[in-house]
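Note sheet for the following structure.
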Amino acid sequence: GFVGVFGYTDYAASKFAIVGFSEALKSELKRFNISVQVLCPPDTDTPGFAEENRTKPEETRAISAAAKVMTPDAVAKELIRHIRKDTFMIIPNFDGKTTWIAKRFAPRLVEWVMDRDIRKAQSKGGR
């Protein structure tokens, strides 16, 4: 919900919306002492992820090639740990946290890296 990735146009729209919705809801519910948190997991080894990989564009594969896939249990453990800390934006792994920080403070660098990966994938595929 914080980086728009090639091949995930519909996914990005819904995830960005959830983050914005959660930010607004957090603000509205604060006076009632109700906290709101949002989980932004990386690629997670689930049947849905396996299905997604069947039709994932090569450009998307190239962008996520270096990212580590987490197990559902590892994501759940991080979720519980951060719920207890009342962390708003729960990003379960180091790669995701690094990307989130880079996107906030050096968005052009993130775009440059993704564009480079896209060009490499397209040149391999003859596009």
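The values are calculated or read from the model by the stated rules, or taken from the named source; none is laboratory data. These numbers were taken from a predicted model, which means no experiment stands behind them. Quick reminder, even Gly has a Cβ in these numbers, built from the backbone with ideal geometry, and neighbours come from all protein chains shown. Keep in mind that these areas ignore ligands, DNA and RNA; they rest on the heavy atoms of the full protein, side chains included. Shrake-Rupley method; radii C 1.70, N 1.55, O 1.52, S 1.80 Å.
Just need a number here: residues in the range 53-68 that are open to solvent by less than 60 Å² (accessible area, probe 1.4 Å) and out of contact with any Pro (no Cβ under 9 Å at 6 or more places or on another chain). Full working, then the answer.
Quick first cut of the range 53-68, residues open to solvent by less than 60 Å² (accessible area, probe 1.4 Å) only: 53, 56-57, 59-60, 62-64, 67.
With the extra rule that they be out of contact with any Pro (no Cβ under 9 Å at 6 or more places or on another chain), the set shrinks to 53, 56-57, 59-60, 62-63.
Matching residues across the range 53-68 total 7.
Say we look at the range 97-127 and pick out the residues that are in a helix (DSSP H, G or I) and among the basic types (Lys, Arg); which of these is farthest from Val38 (Cα to Cα)? Explain how you work it out, then say what you get.
At the first step, the residues of the range 97-127 found to be in a helix (DSSP H, G or I) are 97-105, 107-125.
If we keep only those that are among the basic types (Lys, Arg) too, we end up with 97, 103-104, 108, 116, 119-120, 124.
Working: Lys97: 14, Lys103: 17, Arg104: 17, Arg108: 25, Arg116: 30, Arg119: 32, Lys120: 33, Lys124: 37 Å.
Checked the range 97-127; the qualifying residue farthest from Val38 (Cα to Cα) is Lys124.
Looking at the range 1-26, I want the residues that are without any contact (Cβ under 8 Å) to a residue 60 or more places away in the chain and have a partner that is acidic (Asp, Glu) and open to solvent by less than 50 Å² (accessible area, probe 1.4 Å) with Cβ atoms under 8 Å, at least 6 apart or on another chain. Which pairs are those?
Matching pairs, first to second residue: Gly7/Glu59.
Of these, Val75, Val69, which one is in contact with a Leu (Cβ under 8 Å, 6 or more places away or on another chain) and of a type outside the set (Lys, Arg)?
When all the criteria are applied, what remains is Val75.
Looking only at the range 32-66, how many residues end up being part of a helix (DSSP H, G or I), touching a residue at least 24 places away in the same chain (Cβ under 8 Å) and under 15 Å from the mean Cα position of the chain (by Cα)? Don't jump to the end; show me each part of the working.
Restricting attention to the range 32-66, the residues satisfying the condition of being part of a helix (DSSP H, G or I) are 32, 47-55, 58-64.
From what is left, the residues that are touching a residue at least 24 places away in the same chain (Cβ under 8 Å) are 58-64.
Cutting the leftovers down to under 15 Å from the mean Cα position of the chain (by Cα) gives us 60-61, 63-64.
Within the range 32-66, residues that are part of a helix (DSSP H, G or I), touching a residue at least 24 places away in the same chain (Cβ under 8 Å) and under 15 Å from the mean Cα position of the chain (by Cα) number 4.
Output yes when any residue across the range 84-96 is assigned to a helix (DSSP H, G or I) and touching a residue at least 24 places away in the same chain (Cβ under 8 Å), and no when none is. Step through it out loud before you land on a result.
Filtering the range 84-96 for residues assigned to a helix (DSSP H, G or I) gives 84-85, 94-96.
Going one step further and asking which of them are touching a residue at least 24 places away in the same chain (Cβ under 8 Å), we end up with 95-96.
Taking every residue of the range 84-96 in turn, at least one turns out to be assigned to a helix (DSSP H, G or I) and touching a residue at least 24 places away in the same chain (Cβ under 8 Å).
Only residues that are at pLDDT 95 or above and exposed (fewer than 15 other Cβ atoms within 10 Å of the Cβ): list them for the range 86-96, please.
If the condition is that a residue be at pLDDT 95 or above and exposed (fewer than 15 other Cβ atoms within 10 Å of the Cβ), then Phe88 is the only one that fits.
Could you list all residues from the range 1-47 that are of a type in the set (Val, Ile, Thr) and either in contact with a strand residue (DSSP E or B) (Cβ under 8 Å, 6 or more places away or on another chain) or open to solvent by 60 Å² or more (accessible area, probe 1.4 Å) (or both)? Show your work before the answer.
From the range 1-47, those of a type in the set (Val, Ile, Thr) are 3, 5, 9, 18-19, 34, 36, 38, 44, 46; that's our starting set.
Within the range 1-47, Thr9, Ile18, Val19, Ile34, Val38, Thr44 meet the criteria.
Name the single residue that is farthest from Asp43 (Cα to Cα) among those in the range 76-127 being within 13 Å of the chain's Cα centre (by Cα) and of a type outside the set (A, V, I, L, M, F, W, C).
Lys103
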